[in-house]
């Protein structure tokens, strides 16, 4: 069986702010930015991983969702409870400094973890937790 990750999803409440963060700050390239079924289909990805895309989607990408459900999902997103994504990097400390300089909310400064990585954490403009890991000895 040949299975590979193709896409993963991150909930965002403002596509333009998300694109500025994921593109300008993290250096991901925009792969798609199109209207689709009354919504906006936006994907970004690392130039080093052309087969993997991150879909930036509304917190509740269901056109039939009730207003109460939309409010509930927006509240969960604002609290940072919907998604967490872990990116790998060759230099955790340099990545940390670049992202911190952008004004992103710092959740954890770089630290060596007992399970073999050095990592740090931030919130994206929508409140999602993003971790950046460097393998020990890398």
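The values are calculated or read from the model by the stated rules, or taken from the named source; none is laboratory data. All values reported here derive from a predicted model rather than from experimental measurement. Note that each Cβ is placed from the backbone with ideal geometry, even for glycine, and that neighbours are counted across all protein chains shown.
Observations, loosely collected:
- Positions within the stretch 109-138 being outside any strand (DSSP E or B) and within 30 Å of residue 73 (Cβ to Cβ), in sequence order: 124, 125, 126, 127, 128
- Residue in the stretch 38-49 that is in a strand (DSSP E or B), under 23 Å from residue 16 (Cβ atoms) and more than 16 Å from the chain's Cα centre (by Cα) present: yes
- Looking only at the stretch 80-94, and only at residues there that are out of contact with any helix residue (DSSP H, G or I) (no Cβ under 9 Å at 6 or more places or on another chain) and farther than 17 Å from residue 125 by Cα, the one that is surrounded by the fewest Cβ atoms within 10 Å (Cβ to Cβ): 90
- Residue within the stretch 65-72 that is surrounded by fewer than 11 Cβ atoms within 10 Å (Cβ to Cβ), part of a loop (DSSP other than H, G, I, E, B) and more than 15 Å from the chain's Cα centre (by Cα) present: yes
- In the stretch 41-60, residue surrounded by the most Cβ atoms within 10 Å (Cβ to Cβ) [restricted to those that are more than 14 Å from residue 8 (Cβ to Cβ) and either in contact (Cβ under 8 Å) with a residue 60 or more places away in the chain or touching a strand residue (DSSP E or B) at 6+ places or on another chain (Cβ under 7 Å) (or both)]: 59
- Counting residues in the stretch 96-113 that are surrounded by 13 or more Cβ atoms within 10 Å (Cβ to Cβ), more than 19 Å from residue 21 (Cβ to Cβ), without any contact (Cβ under 8 Å) to a residue 60 or more places away in the chain and touching a helix residue (DSSP H, G or I) at 6+ places or on another chain (Cβ under 8 Å) gives one or more.
- Among the residues of the stretch 10-30, at least one is free of Cβ contacts under 8 Å to residues at least 40 places away in the same chain and either surrounded by fewer than 10 Cβ atoms within 10 Å (Cβ to Cβ) or part of a strand (DSSP E or B) (or both).
- Within the stretch 75-98, if we keep just the residues that are closer than 27 Å to residue 34 by Cα, part of a helix (DSSP H, G or I) and under 16 Å from the mean Cα position of the chain (by Cα), the residue that is modelled with the highest pLDDT turns out to be 76.
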